[in-house]
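Here's the structure, in structure tokens; my notes come after.
Readers should treat all values here as calculations from the given coordinates under stated rules, not as data from a laboratory. Remember, it's a predicted structure, so these values are computed and weren't measured experimentally. As a convention, Cβ positions derive from the backbone with ideal geometry for all residues, glycine included, and neighbour counts pool all protein chains shown.
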Amino acid sequence: MSLARANLQLLLRQKPAVGNIPLIQRRFASHDSHAHDEHHDDTQYSREAGFSTPFWRNTVVLSLLAVGFYKWAPSPNQDVYLTQWLAQYMTPRDFWAALNEKHLLLSQQASDNTILQADAKRPNIHRYRYPQILDTGSPHLQPVGSVADTSSTAGRSE
């Protein structure tokens, strides 16, 4: 309960000293007028017609801009000023061509190295399942006369 409501109930409970006079006056919204009845000058006056209106000002400004553009614009066989200014600060075409050629050669060399490594194969050799078997027979344990004479044979070369 708000404080205002509590005060209102307290006032209503008190009995007036003289007669039955209501303490709160009733106000009807339809009869209570708070409007100010002042009459302002609502008449709209038009501006004077002449050469000082915004239309003529804009016309003169646009005309001056068109004449200035026509006078100082480059001819069709010349580059635009912005293009000339950008050309001063750009790197020459020959520099980029040399740089691109160097990059192409280095890329080609890197791809050749990659292909060389990717196509590499191990040498063809016969791998024994049990290589320790080769150590069982010593060349010094051969009995006399059991070794064939191979002095007259020639090796095949490829």
**OP:** Calculate, in nm to one decimal, what TYR81 and ALA4 gain on full extension: separation in residues at 0.36 nm each, minus their alpha carbon distance.
**Re:** 20.0 nm
Subject >> Virtual spin-label span in nm between VAL144 and LYS102, 7 Å along Cα→Cβ >> reply: 7.9 nm
**OP:** Step through the residues of segment 41-46 one at a time and calculate ³J(HN,Hα) from phi using the Karplus curve (6.51 cos²θ - 1.76 cosθ + 1.60, θ = phi - 60°), rounding each to whole Hz and writing x for Gly and Pro.
**Re:** 7, 9, 6, 9, 9, 7
**OP:** Working from the alpha-carbon coordinates of segment 76-119, get Rg over Rh, Rh being the Kirkwood radius.
**Re:** 1.40
